[in-house]
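Novice: Quick one: the structure is below, questions incoming.
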Amino acid sequence: MKIAEYDINAAEGVHVFAEYNLDNRYYPQGSVLTAEDIIIFKMFGIRKVYGALMENNDVIKSTALGMIAAKICGENTAYYINDTGEAIIVADADGVLAVSEERVRKFNHLHANLRLNTIGEYNKVVKGEVIAKLDIASPLMSQDDVDTILFSLSGNTSLLRIAMIGLKKTALIYSKILGNEKENEHFTKNVKMLLTSMNEYGLEFGGEYNVKYQKDAVADVLQDVMKAGYEVVFMLGGTRSVCDKDVFPAALNSVCDDVVGAILPQVGNDDLFLAQQKQTKIIGLPFNYASVFTGVSNKIIRQFLFSENLLENDFTWVRAVPLSTKEVLSEETQKQLICANSTGGSDKKANIAAVVLAAGIGSRSGRNKLMVETKNGEPLFMKAVRAAVGSDACPVFVITGHHDQEMADILSKFDVNIIYNPAYRSGVKTSLSLGLKSVPDFCDGAVIIPADMPNITSAVINKLIAKFDKKQKKQVCVLSYKGIKSNPIVWSRELYAKADIVPENANLRPVFMEHADYTNLIDIKDKSKLLDVNFPSDIEKIIKQNKNSNSDDISRK
């Protein structure tokens, strides 16, 4: 498609991006202007319109939506394109919406113009209920982009489906320590909460088993329950499981092939266990199930009951659980408080954030240089990320674009801020601007680190930060090797609007002359620390170094 601002006299055939309401004529977004429309637009003083001309490989929005909706809709779902150009997806039967929040998040990253919103995952729905809306921001999409999206969705089951609610033969196992009245009251309280929370999901409770809170005893009764043909089993313990070698998880691991451990990140209520053996799904309820807010645990249980497979990765959406009640300490207790260090640092030491620019395509290098594997098996961009995380800079922002999902997966184990730049093809300036806009107000400045610097270290970054004077407003801190300036570079917050990275030909012409009065140069003796990977030959050097390192490792063995 050819996107531009068109003179109205040359706008015939343009798909307009804006909507127009001209007296009794309404032009929704995506309308294709005819010769008659152009006359009417001119009558209303409209001289230019912003839109796109369709090219040979383009499809209109409704066609693209239809193809994509058909791909993501699965069992017992249906869709239609409404008058405003959205794909409305509905339940075609009563049941439970089986959709993974993590998969929806990944879907929304497949294309910058793609939007999918769903109702709550694994909730009960009725036939005809709207369960999702799909939209494309642009009135046109290239067929290549549509094909790429469809291909990306081909390696998994349908994204949306309605799981039918059928009766599931369900058993309860009480694993007792004391067997006294207080323990029985605790079990009763948890079971009442379970019945209240899950009474709409087809659980047919038909068996109760009592057993000692011992690994072998629990394992034996589990085998008996499974032989009896129960499809769902809930286990209630006389105490909280504290580790993966405790009674419940140990018993589950001894009799079941697929087990997911304690997965609920909730203080005092984290001991939820899920396991599956053939057709039987087993849930070890948290000890405090009835007394702590159970919204997240119930959502996990519903997902488990109506999911096709037991995969620990399916539960990656469980990241944080809010406190369910407000609590104010007594004045006496408040006297015992230990005050933590305030965010923002001391009066002397500056707070410097780090912005790692990892969104580029790397066209000059012939491939995505940032994903080239380095000596330790990690992609090249992680060298800069690790240097930033290990430095005094805080917080750390990683700006992604090309290969953003792969980068997000690799970064999932690091507590950094990942920001996707949808305009990454427009150049590094868009990533730089996005990163600096994200830096919090308590930071005095930010260090800009291109992700194609595999030899940069935390120590080098700390030298830059140490040179930053918190009392001085405008300032720039730049690395220098024999007078030649190099990245990374620290900008004070007053200069964010003018911030840039050091150009690669900095040794051929003066750099940042406008900021010369307040630029601090930090000399560095080891030039290799400033290696900037730009060309195919640079990548080949890294690959060769990796091979040599591997050969050395093998010979030493």
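Novice: Since residue 70 meets every condition but one in (1) open to solvent by 20 Å² or more (accessible area, probe 1.4 Å); (2) touching a residue at least 40 places away in the same chain (Cβ under 8 Å); (3) part of a helix (DSSP H, G or I), which condition does it not meet?
Specialist: Of the numbered conditions (1) open to solvent by 20 Å² or more (accessible area, probe 1.4 Å); (2) touching a residue at least 40 places away in the same chain (Cβ under 8 Å); (3) part of a helix (DSSP H, G or I), the odd one out for residue 70 is (2).
Novice: Can you tell me which residue within the range 256-275, out of those that are part of a loop (DSSP other than H, G, I, E, B) and β-branched (Val, Ile, Thr), is nearest to the chain's Cα centre (by Cα)?
Specialist: 263
Novice: Please pick out the residue among 462, 487 that is free of Cβ contacts under 8 Å to residues at least 60 places away in the same chain, closer than 16 Å to residue 529 by Cβ and within 33 Å of the chain's Cα centre (by Cα).
Specialist: On the way: 462 fails: free of Cβ contacts under 8 Å to residues at least 60 places away in the same chain.
Residue meeting the stated conditions: 487.
Novice: Could you check how many residues of the range 39-67 are modelled with pLDDT of 90 or more, buried (at least 20 other Cβ atoms within 10 Å of the Cβ) and part of a helix (DSSP H, G or I)?
Specialist: Within the range 39-67, residues that are modelled with pLDDT of 90 or more, buried (at least 20 other Cβ atoms within 10 Å of the Cβ) and part of a helix (DSSP H, G or I) number 3.
Novice: Might you let me know whether the range 50-59 holds any residue that is closer than 30 Å to residue 90 by Cα and touching a strand residue (DSSP E or B) at 6+ places or on another chain (Cβ under 8 Å)? Give the derivation first.
Specialist: Residues of the range 50-59 that are closer than 30 Å to residue 90 by Cα, as a first pass: 58-59.
Within this subset, residues satisfying the condition of being touching a strand residue (DSSP E or B) at 6+ places or on another chain (Cβ under 8 Å) are 58-59.
Yes; the residues of the range 50-59 include at least one that is closer than 30 Å to residue 90 by Cα and touching a strand residue (DSSP E or B) at 6+ places or on another chain (Cβ under 8 Å).
Novice: So which of 79, 26 is closer than 22 Å to residue 139 by Cβ, in contact (Cβ under 8 Å) with a residue 40 or more places away in the chain and open to solvent by 80 Å² or more (accessible area, probe 1.4 Å)? Let's see the steps before the verdict.
Specialist: Working: 26 fails: in contact (Cβ under 8 Å) with a residue 40 or more places away in the chain.
Testing whether each residue is closer than 22 Å to residue 139 by Cβ, in contact (Cβ under 8 Å) with a residue 40 or more places away in the chain and open to solvent by 80 Å² or more (accessible area, probe 1.4 Å) leaves just 79.
Novice: Oh, and also: Would you point out the residue of the range 196-240, among those that are open to solvent by 90 Å² or more (accessible area, probe 1.4 Å) and part of a strand (DSSP E or B), that is farthest from residue 185 (Cα to Cα)?
Specialist: Filtering first and then ranking leaves 204.
Novice: How many of the residues in the range 94-118 are farther than 22 Å from residue 425 by Cβ, part of a loop (DSSP other than H, G, I, E, B) and at pLDDT 90 or above?
Specialist: Matching residues across the range 94-118 total 1.
Novice: In the list 148, 84, which residue meets the criterion of being open to solvent by 50 Å² or more (accessible area, probe 1.4 Å), of a type in the set (Val, Ile, Thr), closer than 23 Å to residue 408 by Cβ and out of contact with any helix residue (DSSP H, G or I) (no Cβ under 7 Å at 6 or more places or on another chain)?
Specialist: Working: 84 fails: closer than 23 Å to residue 408 by Cβ.
Answer to the selection: 148.
Novice: Only residues that are β-branched (Val, Ile, Thr) and either within 12 Å of residue 71 (Cβ to Cβ) or modelled with pLDDT under 90 (or both): list them for the range 149-179, please. Walk me through how you get there before you give the answer.
Specialist: Residues of the range 149-179 β-branched (Val, Ile, Thr): 149, 157, 162, 165, 170, 173, 177.
Within the range 149-179, 149, 157 meet the criteria.
So that you can scan it fast, the table gives a plain yes or no per residue for (1) under 29 Å from residue 481 (Cβ atoms); (2) crowded, with 24+ Cβ neighbours inside 10 Å:
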| residue | (1), (2) |
| --- | --- |
| 354 | yes, yes |
| 371 | yes, no |
| 387 | yes, yes |
| 395 | yes, no |
| 425 | no, no |
| 458 | yes, no |
| 461 | yes, yes |
| 464 | yes, yes |
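Novice: Going by the conditions given, is residue 46 closer than 18 Å to residue 15 by Cβ and in contact with a helix residue (DSSP H, G or I) (Cβ under 7 Å, 6 or more places away or on another chain)?
Specialist: Values: closer than 18 Å to residue 15 by Cβ: yes; in contact with a helix residue (DSSP H, G or I) (Cβ under 7 Å, 6 or more places away or on another chain): yes.
Considered against the rule, which asks whether it is closer than 18 Å to residue 15 by Cβ and in contact with a helix residue (DSSP H, G or I) (Cβ under 7 Å, 6 or more places away or on another chain), residue 46 comes out as yes.
The values are calculated or read from the model by the stated rules, or taken from the named source; none is laboratory data. On a predicted model such as this, the values are computed, not experimentally measured, just so you know. Cβ coordinates were reconstructed from backbone atoms using ideal geometry, including for glycine residues, and neighbour counts include every protein chain displayed. Heads up: the accessible areas ignore ligands, DNA and RNA and are worked out on the full protein's heavy atoms, side chains in. Shrake-Rupley method; radii C 1.70, N 1.55, O 1.52, S 1.80 Å.
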